[in-house]
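Worksheet for the structure shown next.
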Amino acid sequence: MTLLAFSRRSALAAALLVLAPATVLRCLSPAVSAQDTVRVAPGTVVVVESLPPEDPRTTGQRAQAEFERFRRLNLPEFRGKVFSGKSCPEPVGMNWCYWYDGGSLIAAELPTVVESRERLLGRLDSLGTAQPGDNWIGGQRVRYLIEAGRPLDALKVAEQCTAFGWWCDALAGIALHEAGRYAESESRYEKVLAAMGPRERCTWRDLTPYLDDDTRRQYIRHACGTAEREAFEARAWWFSRTRYGMAGNDSRTEHYSRLTYVEFLRDAASAHSRGFDESEREMTVRFGWNRRWARDGTSRGAPAEMPLGPDGRPQRYDPSLSINVIGQEATPAYRFIPPSEVLTSPASSDSTEWAVQLPPVVARYHPKYASRLLMLEHQQALFRRGDTALVVLAYDVSKVPGIAFSRLDGALVLTPGTRPSGQATTVRGIAPKGTMTVRAPWGPLLMSAEIAADSASTLVRARYGIRPPFAIGARVSLSDLLFYTPYGTFPATVEEALPHALATQKVRADQPIGIYWEAYNTNPVGERMTISLVIAPDDAEEPGRLGRAARALRLARGSSPVSVTIEDMSARGAPTSPRAVQLDISTLKPGDYLVQLEVDVAGQYVIRADRRITVVQP
């Protein structure tokens, strides 16, 4: 007697069996279906034996692997430049190469792939309904719903989760993050961290994948779990945010979302056929998970020897495994964590140090609300109110393309730069051109001025350190200079000048310019003040503010295109002396200039303030 047994994956419909009389054909159900046709010789006895029902996770894993195989076989061809080997800009591990082109060179997936994913989701939904406590099924449901652009449906799955431990909160955290509800996401991930053991919590809090060499050396000086390291992490995440004037820390929830997505990939197939390893984990953590895929037009070919399957026999060659797959994370993607110079002294930073593509870019992040991150045309000035700094901002985004019909939200955020906190003015529904003010403790500050058009995924931003004009050891000090458009009278307060403040430091030579400032701690009885204003070319020979001031001082003692000297008296009955002048700059040619104010206080000492302007063609 001959005994033939088939695994549940056999296709009996494709089998033609001709057996001798009295042969017994023993088949395992559910391999046999009503559509299967088996030819047997007369007298053959067919015995169908039932198998135990397959567990939901195994069924789901088979369906998920088949979808990823189908995806690989239906990928669009990559049209950009492919890097590999010695030409790779950023090797990761032994088999991965990362490069950033900033563009969207990968075509959208085919409708057949979209339909296939929806069928997979339907299958996973039915399995998840039967097994709401299965970590793997719940994770894959959330994964593919996010991939399909349905984060709120993913959140519903997370809320139905009954898995043990922190997994359900992690699923909710990534779904909320993808939905743009960052404060809620942050709250869920705090629960995740609280439920973890010390070692696992250290792994999840680890910042080393994102840090440049200098910052990493500072970070690893402190052991995990210490107050010093936690303070470093809190500081790094606070300053790394792309948009300070928004609830929740989306940079931090992006980090935890990536770690959650890594868990999705551990025991599941992906578009890449190599199988998940630590190199893929590093890629995902540093740059985010892939949002699109393509084939590069080459293939690896079939291996000389096929690996063995569960039955101990060589597996059949799968042509989808030979496809070289290129993945693309969400773009444009910006530097994730600022450089060490910024984290060490944010209030001393300039706008260049906040450049989002400033090398080395160790890790990247694409905020959904900032597909376009643009420089804000503005003017800011700092004034003193006792122990408080009053910062005023005039801005203009009316000429920014693509946001004409969007609602605009504004934020002016100040922080001393010594801890993760700050003072902010946030306004929803602001005009395209206007002003904002905010108060903070007096001293050096980091300023972030932000105008957001969420419907256009556009953020227009200015971020850099500001500090009062230098007046070391002097009783009297100065505010910043505020440029305004003359309006027939001289402003007596900054509040009067602000509606007329220029929203730029670019000025036209054919239009007069007004300059407002304040002198602090002047003698209320009155004292002599000799005021000198000079506008001279600034060729940036000496870098930095001190260098520019020294150059302007030399020019002031010589000849300059525009200069004025006024003999004045300080304000009587008040310790603050506000002043304003109007200058004709029609003799200036287009170019960069330094405006320097010098005040000789009663012949005792001189205090200075300066500001750069650019003269443009009328």
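The values are calculated or read from the model by the stated rules, or taken from the named source; none is laboratory data. Because the structure is a prediction, the values reported are computed rather than measured. Cβ: placed from backbone, ideal geometry, glycine included. Neighbour counts: every protein chain shown.
Taking segment 449-488 as the range and being of a type in the set (Asp, Glu) and either more than 15 Å from residue 395 (Cα to Cα) or part of a loop (DSSP other than H, G, I, E, B) (or both) as the test, the residues that pass are 454, 480.
Within segment 463-504, the set of residues being charged (D, E, K, R) and modelled with pLDDT under 95 comprises 467, 475.
Each row is one residue, and each column tells you yes or no for (1) surrounded by fewer than 14 Cβ atoms within 10 Å (Cβ to Cβ); (2) in a strand (DSSP E or B); (3) modelled with pLDDT of 95 or more; (4) touching a helix residue (DSSP H, G or I) at 6+ places or on another chain (Cβ under 9 Å).
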{"residue": "536", "(1), (2), (3), (4)": "no, yes, no, yes"}
{"residue": "541", "(1), (2), (3), (4)": "yes, no, no, yes"}
{"residue": "546", "(1), (2), (3), (4)": "yes, no, no, no"}
{"residue": "551", "(1), (2), (3), (4)": "no, no, no, no"}
{"residue": "563", "(1), (2), (3), (4)": "no, yes, no, yes"}
{"residue": "577", "(1), (2), (3), (4)": "no, yes, yes, no"}
{"residue": "587", "(1), (2), (3), (4)": "yes, no, no, no"}
{"residue": "608", "(1), (2), (3), (4)": "no, yes, no, yes"}
{"residue": "614", "(1), (2), (3), (4)": "yes, yes, yes, no"}
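Residues in segment 414-433 that are part of a strand (DSSP E or B) and touching a helix residue (DSSP H, G or I) at 6+ places or on another chain (Cβ under 9 Å): 415 alone. Filtering 417, 410, 386, 443 for residues that are at pLDDT below 95 and surrounded by 17 or more Cβ atoms within 10 Å (Cβ to Cβ) leaves a single hit, 417. Among the conditions (1) surrounded by fewer than 20 Cβ atoms within 10 Å (Cβ to Cβ); (2) in contact with a helix residue (DSSP H, G or I) (Cβ under 9 Å, 6 or more places away or on another chain); (3) under 24 Å from residue 576 (Cβ atoms), the only one that residue 479 does not satisfy is (1). Of the residues making up segment 489-516, those that are surrounded by 15 or more Cβ atoms within 10 Å (Cβ to Cβ), in a loop (DSSP other than H, G, I, E, B) and over 37 Å from the mean Cα position of the chain (by Cα) are 490, 491, 509.
Is one or more of the residues making up segment 124-133 touching a strand residue (DSSP E or B) at 6+ places or on another chain (Cβ under 8 Å) and in a loop (DSSP other than H, G, I, E, B)? Within segment 124-133, not a single residue is touching a strand residue (DSSP E or B) at 6+ places or on another chain (Cβ under 8 Å) and in a loop (DSSP other than H, G, I, E, B). Residues considered: 206, 267, 214. Of these, the only one that is surrounded by fewer than 21 Cβ atoms within 10 Å (Cβ to Cβ) and closer than 30 Å to residue 73 by Cα is 267. Applying the criterion of being assigned to a strand (DSSP E or B) and under 21 Å from the mean Cα position of the chain (by Cα) to the residues of segment 355-383, the residue that is surrounded by the most Cβ atoms within 10 Å (Cβ to Cβ) is 365.
Only a single criterion out of (1) closer than 26 Å to residue 135 by Cβ; (2) in a helix (DSSP H, G or I); (3) modelled with pLDDT under 95; (4) not aromatic (Phe, Trp, Tyr) is not satisfied by residue 231, namely (1). Taking residues in segment 204-232 that are touching a residue at least 60 places away in the same chain (Cβ under 8 Å) and charged (D, E, K, R), and partners anywhere that are exposed (fewer than 13 other Cβ atoms within 10 Å of the Cβ) and not in a helix (DSSP H, G or I), the pairs with Cβ atoms closer than 7 Å and at least 6 places apart or on different chains are 212/360.
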